[in-house]
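The values are calculated or read from the model by the stated rules, or taken from the named source; none is laboratory data. None of these values were measured; they are calculated from a predicted model. Cβ coordinates were reconstructed from backbone atoms using ideal geometry, including for glycine residues, and neighbour counts include every protein chain displayed. Areas reflect the complete protein model, heavy atoms only, side chains present, ligands, DNA and RNA absent. Shrake-Rupley method; radii C 1.70, N 1.55, O 1.52, S 1.80 Å.
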Amino acid sequence: MPKHFPDIVDPWRLLDQEQVIESRIRLASMGRLSPLLYDKGGEEEAGFRLSFHRDRERHAVIHCEIKATLVLACQRCLEPMSLSLEIDSRLALVEGLEQAERLPEELEPLMLENDPVLHIAELVEDELLLAVPDAPKHSEADCAPVQGADMDAAMENTQVEPNPFDILAVLKKR
């Protein structure tokens, strides 16, 4: 798929021009997200729209709208599961921690650290990673039974064989 957005932008210039970047990006091309995907070579994409503007209080805001369906491994049954994400976040560009602390609650700080440029693909990937649960799982009703899932019950029914070293404990006490 041909890329329809620049890799690196000057966010301050885009803010002044109130620009919008709208495109799609392959999930498998994201280096930090792709290891989480069930099919690492898949063709799934995330659609995104980034709107650069200043709000009423003159905060530098990037309105991020991202839609994607990730196919992940369920952490309960290890089978593939679809996770539909619709992200709608508002990020405020800040130049330091003091400025970040003064932001209103509805804005999340985005510190560009020492680099005055913004990497579009990394921003989209960051937002997707933040939206993925720590341990994605199907609902219990949708999970396939895992082989060995009744291991606890099986362990309770087995008799414990004597430890051959128990005799040493007896000798040590004497």
Taking 7 Å along the Cα-to-C-beta vector as the label spot, tell me the LEU85-MET111 distance in nanometres, rounded to one decimal. 2.3
Please work out how much accessible surface ARG49 shows to a 1.4 Å probe, ignoring ligands, DNA and RNA, in Å² rounded to 10. 80
Over the chain, what is the relative contact order in whole percent, taking alpha-carbon pairs under 8 Å and six or more residues apart? 20
With N residues in the chain, Rg(alpha-carbon) / (2.2 N^0.38 Å) equals 1.60
Average projected area of the Cα convex hull of segment 42-135, in nm²? 7.4
Separation of the GLN19 and ARG58 label points, Cα + 7 Å toward Cβ, nm: 2.3
Where Cα atoms sit under 25 Å apart: lysine pairs in the chain separated by 8 or more or lying on different chains: 5
At most 16 other C-beta atoms within 10 Å and a DSSP loop state: those are the exposed GluC sites (Glu not before Pro) I care about. Give me the longest piece of the chain that has none. 58-94
Taking only DSSP H segments of four or more residues, each worth -39500 (n - 2.57), what value at 222 nm results for the chain once the sum is divided by all its residues, to the nearest 500 deg cm²/dmol? -6000 deg cm²/dmol
Starting from the 7 Å offset along Cα-to-Cβ, what nm value, one decimal, do you get for the label separation of ASP7 and ALA144? 3.9
A correct Karplus calculation of ³J(HN,Hα) over segment 69-78, with 6.51 cos²θ - 1.76 cosθ + 1.60, θ = phi - 60°, whole Hz and x for Gly and Pro, returns 10, 9, 9, 10, 8, 4, 7, 9, 10, 6
